[in-house]
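Let me give you the structure first, and then I'll get to my questions.
The values are calculated or read from the model by the stated rules, or taken from the named source; none is laboratory data. Every value quoted in this text rests on a predicted model; they were computed, and no experiment measured them. Positions of Cβ are generated from backbone atoms using ideal geometry, with glycine treated the same way; all protein chains shown enter the neighbour counts. To get the accessible areas, we keep the full protein, side chains included, count just its heavy atoms, and leave off ligands, DNA and RNA. Shrake-Rupley method; radii C 1.70, N 1.55, O 1.52, S 1.80 Å.
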Amino acid sequence: MSTPKFPIKEIQLLPDQHEFVVPKKGIKVPMDIGVWQKSEAYFEYLGFILALNEAVQGKALDVECLESPLVSTVVQMLNKFDEWITEIPPTEQPQRFGNKSFRTWHERLQQNGAEELKQVLPEKLHRAVPEIVQYLYESFGNPTRIDYGTGHEMAFLMFLCCMFKIGAFKEEDKVAVVIKVFNRYLELARRLQLIYRMEPAGSHGVWSLDDYQFVPFIWGSAQLIGHPRIEPRHFIDQGIIQSYSKKYMFLGCIEFISKVKIGPFAEHSNQLWNVSAVSSWSKVNSGLIKMYKAEVLSKFPVIQHVFFGSLLPLTPMNAPPKHRGAHLNESPSSKVE
């Protein structure tokens with residue numbers, strides 16, 4: 001079955017009377033994964049990943065692209081979240097992982113996130129904030145466990161997807177959303193991981209591709225498609241990493257791994273070592289998309305934490321609109337007027 005393309009033009013046309021809801025978790029037991037894989041949310045989300053993957057093919061992080069005022073304000077919001085890390089230094093504590101100051105940082109996010117988002121969005125879209133801010137809260141790690149993994153990365157990507165769906169981001173923002181917004185998020189997530197010594201979520205992080213991230217490898221490999229010099233076998237070359245890590249997301253990921261892990265690359269990052277043997281970036285890219293579907297989007301430990309609302313509903317693809325949101329067992333209090 002071919003994956004439908006992200007219908008970016010259609011989804012901007014939310015009716016004025018669209019009823020936003022506070023999103024809730026919907027995947028309760030492993031058997032529910034089948035419901036998720038047939039849902040509107042699944043195809044919207046996967047289509048979004050593929051659309052932006054296509055948009056950044058062959059484009060470096062320093063490529064000239066349209067940067068709309070909204071893209072700039074979202075980056076400024078992430079900059080502010082970054083400043084909070086400086087204002088909330090790590091606590092001196094005996095254990096190696098999980099610095100408790102992250103809980104203070106996350107509490108500030110939950111106290112201020114909705115207001116920060118209102119400053120980003122035009123007033124006519126403020127009624128969407130209670131729905132989409134939930135994804136923002138989930139984007140930076142779990143304050144109880146002080147861990148971070150692909151589910152948190154996915155929450156931020158769902159936040160970006162919702163920003164397109166409500167018409168805040170436009171089709172022409174696709175490249176900037178990857179190279180400006182998502183890349184800034186990645187820098188922030190890495191700083192949180194390092195400063196607060198966050199544990200990888202799950203026993204194998206991203207199922208042994210990397211401890212924390214996955215999608216920057218997908219979009220990062222798309223950026224390198226057609227590169228005249230850098231082939232997949234080159235990404236483990238220190239000289240290439242030093243020269244190009246600021247231009248290509250994939251190489252930035254490799255640089256970060258090399259900084260935080262010790263020992264031979266083939267031992268601590270075996271899956272990535274195997275990727276370096278693939279013949280072309282387009283094959284790396286398509287292989288990583290398949291791996292993401294199998295090892296992240298099909299895994300109950302990740303999907304049990306996903307939130308579903310009116311924008312990313314758990315209803316079956318092509319269900320009549322009146323059935324959307326039914327999975328939430330909505331009470332009137334969950335609706336956002």
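Under a cut-off of 21 Å between alpha-carbon atoms, report the lysines in cross-link reach of Lys165, not counting same-chain residues fewer than 8 places apart.
Lys5, Lys9, Lys24, Lys25, Lys38, Lys118, Lys124, Lys174, Lys180, Lys322, Lys335
Then there's this: Which ³J(HN,Hα) values in Hz, rounded to whole numbers, follow from the phi angles of the stretch 46-53 under the Karplus curve 6.51 cos²θ - 1.76 cosθ + 1.60, where θ = phi - 60° and Gly and Pro get x?
Working through the residues one at a time gives 5, x, 5, 4, 6, 5, 6, 4 Hz.
Give me Rg/Rg_expected for the stretch 171-244, where Rg uses Cα atoms only and Rg_expected = 2.2 N^0.38 Å with N residues.
Working: Rg = 14.4 Å, N = 74, 2.2 N^0.38 = 11.3 Å.
Computed over Cα atoms of the stretch 171-244, the ratio equals 1.28.
Further question: Is the C-alpha gyration tensor of the stretch 164-287 telling us rounded, prolate or oblate? Criteria: a/c under 1.5 is rounded; beyond that, a/b larger than b/c is prolate, otherwise oblate. Numbers along the way, then the final one.
Working: a/c = 1.72, a/b = 1.15, b/c = 1.49.
In terms of gyration-tensor shape, oblate.
Could I ask something else about it? Helix 101-120 sits at what angle to the longest principal axis of the chain, using alpha carbons and giving 0 to 90 degrees rounded to 10?
In the chain, helix 101-120 runs at an angle near 60 degrees to the longest axis.
Residue by residue through the stretch 276-289, what is 3J(HN,Hα) from phi via Karplus (6.51 cos²θ - 1.76 cosθ + 1.60, θ = phi - 60°)? Round to whole Hz and write x for glycine and proline.
Once rounded to whole Hz, the list reads 5, 8, 6, 6, 8, 5, 5, 6, 4, 4, 5, x, 5, 5.
Roughly how big is the chain's charge dipole about its Cα centre, with Cβ charges of +1 (Lys, Arg) and -1 (Asp, Glu), in debye to the nearest 20? All intermediate terms of the calculation are to be shown ahead of the outcome.
Working: 37 positive and 36 negative charges, 102 e Å.
Here the size comes out at about 480 debye.
Let me ask something else about it. What whole-number value in Å² describes the accessible area per residue of the chain for a 1.4 Å probe?
Details: 15220 Å² over 337 residues.
Each residue of the chain exposes 45 Å² on average to a 1.4 Å probe.
What is the antiparallel percent of DSSP beta bridges lying wholly in the chain, to the nearest 5? Present the calculation step by step, with values, prior to reporting the outcome.
Values: 6 of 8 bridges.
Counting DSSP beta bridges with both partners in the chain, the antiparallel share is about 75 percent.
Given the peptides 190-197, 118-125, 239-246, 220-227, arrange them by the average over their residues of other C-beta atoms within 10 Å, most packed first.
220-227, 190-197, 239-246, 118-125
Which whole-Hz couplings ³J(HN,Hα) result when phi for each residue of the stretch 257-272 is put into the Karplus expression 6.51 cos²θ - 1.76 cosθ + 1.60, θ = phi - 60°, listed in order with x for Gly and Pro?
Karplus values, whole Hz, x for Gly and Pro: 4, 5, 6, 9, 10, 10, x, x, 4, 4, 8, 7, 9, 4, 4, 5.
Which percent of the accessible heavy-atom area of the chain goes to carbon and sulfur, probe 1.4 angstrom? Working shown, then result.
Numbers: 7850 of 15220 Å².
Solvent-exposed carbon and sulfur of the chain make up 52 percent of the total.
Hey, another quick one. For the stretch 112-188, just the Cα set please: Rg and Dmax, both in angstrom.
For the stretch 112-188, the Cα radius of gyration and maximum Cα-Cα distance read 12.6, 38 Å.
On to the next question. What translational D, rounded to a whole number of µm²/s, comes out for the stretch 214-273 from Stokes-Einstein when the hydrodynamic radius is the Kirkwood one over Cα pairs, at 37 °C and 0.692 mPa s? Before the final figure, lay out the partial values.
Working: Rh = 11.7 Å.
It diffuses with D of about 281 µm²/s by this estimate.
Sorted by average packing, counted as other Cβ atoms within 10 angstrom per residue and highest first, what order do 283-296, 302-315, 42-55, 23-36 take?
Details: 283-296: 17.9, 302-315: 22.7, 42-55: 20.0, 23-36: 15.6.
Per-residue Cβ counts within 10 Å, averaged per peptide and sorted highest first, yield 302-315, 42-55, 283-296, 23-36.
I've got another one for you. Could you tell me which residue out of Leu61, Trp273, Ile236 lies farthest along the dipole of the chain toward its positive end? Charges go on the beta carbon: Lys and Arg +1, Asp and Glu -1, centred on the Cα centre.
Result: Trp273.
Show me 144-151, 63-70 ranked by packing, highest mean number of other Cβ atoms within 10 Å first. Please list the in-between numbers first.
Values: 144-151: 20.9, 63-70: 13.5.
Final packing ranking: 144-151, 63-70.
Ignoring everything except DSSP H segments at least 4 long, calculate the 222 nm mean residue ellipticity for the chain; use -39,500 (n - 2.57) per segment, divide by total residues, nearest 500. Provide the component values of the computation, followed by the final result.
On the way: 15 runs with 159 residues, N = 337.
So the helix-based figure for the chain works out to -14000 deg cm²/dmol.
Just need the relative contact order of the chain here, percent rounded to a whole number, with Cα pairs under 8 Å and 6+ apart. Let's see the in-between values first.
Values: 480 pairs, mean separation 105.7, N = 337.
The value is 31 percent.
Obtain the nm distance between the two label points defined at Arg229 and Lys246 by a simple spin-label model: each point lies 7 Å from its Cα along the Cα-to-C-beta direction.
Each label point is offset 7 Å from its Cα along the Cβ direction, giving 1.5 nm.
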